[in-house]
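K.L.:
Below are the structure tokens for one structure; questions will follow.
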Amino acid sequence: MSDWKAQAQAAVDRLADRLRAVAQELFDHPELKHEETRAAALLSDVAREAGFDVGLGVAGLETAFVATHPAITDGPTVAILAEYDALPDLGHACGHNLIAAGALGAAWAVASLKSDLPGKLLLMGTPAEEGGGGKVTMIEQGLFDGVDAAMMYHPAPMTIVGHGSLAITEVKIAFHGRPAHASAWPEKGINALDAVIQTFNGLYALREHIKDGARIHGIITHGGAKPNIVPEYAAAEFYVRAPETPYRDELLVKLRNCAEGAALATGATLEWSEIGHSYKSMKPNRPLVDAYVSNLEAVGWSLDEPDDAMGSTDMGDVTQAVPGIHPYLAICARDVAGHTREFAEASASDRGFDAMIVAAKTLAMTAIDVLTSPELVERMWSSFNET
Ligand SMILES: [Zn+2]
């Protein structure tokens with residue numbers, strides 16, 4: 001192992017107590033998407049202490065930041081990404097407190113060596129992963145321009161690297177009908193709820209004929225006011241997901257056809273809207289994945305057998321914009337699901353903190369690989385451009 005990597009690991013070990021305290025502090029004060037003011041301030045302050053120049057409130061997002069290490073020379077640009085938003089009611093049940101502390105540790109460790117390393121080092125604070133798409137906005141605002149490697153990790157029930165994520169779009173379907181007394185004059189009414197139910201039925205038929213791995217799941221958000229009034233207004237929300245972004249777009253058309261058919265059948269008027277939350281699928285960069293895996297093995301961690309459970313993340317959009325990785329490190333038993341109280345507990349456990357330290361080390365080591373190996377950077381870009 002290179003001397004740089006050994007030094008980076010030693011730096012993370014020296015910072016371990018501090019990083020745990022940051023993870024615990026974020027855990028104790030969970031903040032929802034786009035409201036992470038306390039987390040963004042804390043991380044910015046510590047990044048300044050680590051020697052970074054910090055711009056807080058970038059890309060028009062109050063809680064986004066870019067921390068740039070001032071030692072910049074010719075060479076590649078590495079961005080280490082932190083997430084720090086929590087979930088309603090469940091707090092840090094997705095472990096973003098650990099993501100933030102791990103990213104901070106990795107960036108701090110590389111920063112401590114940066115005056116001797118080529119290239120440019122960024123720590124990016126990316127808010128609102130849970131449905132707000134902070135990274136999507138940051139990409140649109142050009143903040144990833146010039147980045148050669150974007151890397152983050154995510155706590156999980158298992159350790160897997162190079163896993164994909166599903167492209168997602170969130171859709172709202174509303175129908176407008178006509179009210180009438182449901183018993184005395186039902187013939188005068190147009191039933192908007194029937195249109196919603198017909199949409200679900202159309203979707204059930206469609207499901208038999210979609211590719212494996214795609215997901216369309218919905219809830220009824222409005223179903224009428226009273227049984228004796230023909231529902232004038234009814235609405236549903238769906239998440240449409242697929243392993244590839246173009247197939248998600250195909251499924252959106254198919255779902256819309258179900259809704260239009262339901263409108264025709266019932267006489268209700270369809271109002272279709274795609275609301276927030278549209279992420280691309282993940283494109284893990286293979287050479288970067290391989291580099292990360294060898295660093296993970298070098299610190300004594302092994303990979304678990306992957307399964308096909310997949311969610312969606314705005315890191316998908318990042319990996320479609322520049323070479324990137326989003327490895328998962330185990331913090332709990334395999335049968336624990338994310339977004340549960342049990343997972344939240346693991347996000348402030350010794351096992352969770354230990355995994356965060358491993359993440360800080362391995363992300364730092366991978367950043368050093370990228371900064372010091374022009375050959376790796378070349379392979380990353382050719383793999384990115386091929387796939
Ligand atoms: Zn998450």
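K.L.:
Per residue of the range 184-189, what does 6.51 cos²θ - 1.76 cosθ + 1.60 with θ = phi - 60° give for ³J(HN,Hα)? Whole Hz please, x for Gly and Pro, Karplus curve as stated.
P.N.:
6, 10, x, 5, 8, x
K.L.:
Please sort 281-288, 150-157, 39-46, 260-267 by packing, taking for each peptide the average over its residues of neighbouring beta carbons within 10 angstrom, highest first.
P.N.:
Per-residue Cβ counts within 10 Å, averaged per peptide and sorted highest first, yield 150-157, 281-288, 39-46, 260-267.
K.L.:
Next question. Starting from the Kirkwood Rh over alpha-carbon pairs, what translational D in µm² s⁻¹ does the range 260-387 have by Stokes-Einstein at 20 °C and 1.002 mPa s?
P.N.:
Answer from the Stokes-Einstein relation: 121 µm²/s.
K.L.:
Over the Cα atoms of the range 254-311, Rg to Rh with Kirkwood Rh, two decimal places?
P.N.:
My calculation of the ratio gives 1.35.
K.L.:
Now a separate question. Ranked highest first by average number of other Cβ atoms within 10 Å, how do 327-337, 350-360 line up?
P.N.:
For the peptides 327-337, 350-360, the packing ranking is 350-360, 327-337.
K.L.:
Working out 0.36 nm times the residue gap between R38 and R178, then minus their Cα-Cα distance, what length gain in nm do you get to one decimal?
P.N.:
Full extension of this stretch gives 45.6 nm more.
K.L.:
I would also like to ask the following. Suppose the chain between L206 and A333 were pulled fully straight at 0.36 nm per residue; how much longer would it get relative to their current alpha carbon spacing?
P.N.:
Gain on stretching L206 to A333: 42.2 nm.
K.L.:
As an exercise, use a Förster radius of 51 Å and the Cβ-Cβ distance of T221 and N385 to find the FRET efficiency, rounded to the nearest 0.05.
P.N.:
Calculated transfer efficiency: 0.75.
K.L.:
Any idea which of H69, L56, A236 is furthest toward the positive side of the dipole for the chain, if Lys and Arg beta-carbons carry +1 and Asp and Glu beta-carbons -1?
P.N.:
Towards the positive end, the residue furthest out is A236.
K.L.:
Give me the accessible area per residue for the range 53-170, probe 1.4 Å, as a whole number in Å².
P.N.:
The answer is 25 Å² per residue.
K.L.:
Further, regarding this structure: So what's the range 59-191 giving for Rg/Rh, alpha carbon basis, Kirkwood Rh from the mean inverse pair distance?
P.N.:
1.25
K.L.:
Rounded to whole Hz and in sequence order, give me ³J(HN,Hα) for the range 237-250 from the Karplus expression 6.51 cos²θ - 1.76 cosθ + 1.60, θ = phi - 60°, writing x for Gly and Pro.
P.N.:
In residue order, the calculated couplings are 10, 10, 9, 10, 10, 8, x, 10, 4, x, 6, 4, 5, 4 Hz.
K.L.:
Moving to a separate point now. Check the straight Cα-Cα distances from K172 and name the lysines below 25 Å, setting aside those fewer than 8 residues away within the same chain.
P.N.:
Qualifying lysines at Cα under 25 Å: K33, K135, K211, K226, K254, K280.
K.L.:
To the nearest µm²/s, what D does Stokes-Einstein give for the chain at 20 °C and 1.002 mPa s, using the Kirkwood radius over alpha carbon pairs as Rh?
P.N.:
97 µm²/s
K.L.:
While we're on this one: Can you tell me the FRET efficiency between A10 and E274 if r is taken as the Cβ-Cβ distance and R0 is 45 Å, rounded to the nearest 0.05?
P.N.:
That pair, A10 with E274, gives E of 0.40.
K.L.:
If you average the C-alpha positions of the range 316-387 and of the range 153-182 separately, how far apart do those two centres end up, in angstrom?
P.N.:
Here the two parts' Cα centres lie 23 Å apart.
K.L.:
Follow-up question, since we're still on this one. Would you give the gap between the C-alpha center of the range 249-292 and the C-alpha center of the range 199-229, rounded to a whole Å?
P.N.:
Here the answer is 14 Å between Cα centres.
K.L.:
Rank by packing, highest mean first: peptides 64-71, 125-132, with packing defined as the count of other Cβ atoms within 10 Å averaged across residues.
P.N.:
125-132, 64-71
K.L.:
Using the C-alpha gyration tensor of the range 1-92, what are the square roots of 5 times its eigenvalues, in whole angstrom, with the largest one first?
P.N.:
That gives 26, 19, 11 Å for the three semi-axes.
K.L.:
PRE reach from I72 (point 7 Å along Cα→Cβ): which of the range 29-53 fall under 13 Å by backbone N?
P.N.:
53
The values are calculated or read from the model by the stated rules, or taken from the named source; none is laboratory data. Remember, predicted model here, so these are calculated numbers, not experimental data. Cβ coordinates were reconstructed from backbone atoms using ideal geometry, including for glycine residues, and neighbour counts include every protein chain displayed. The area values use the complete protein model at the heavy-atom level, side chains included, leaving out ligands, DNA and RNA. Shrake-Rupley method; radii C 1.70, N 1.55, O 1.52, S 1.80 Å.
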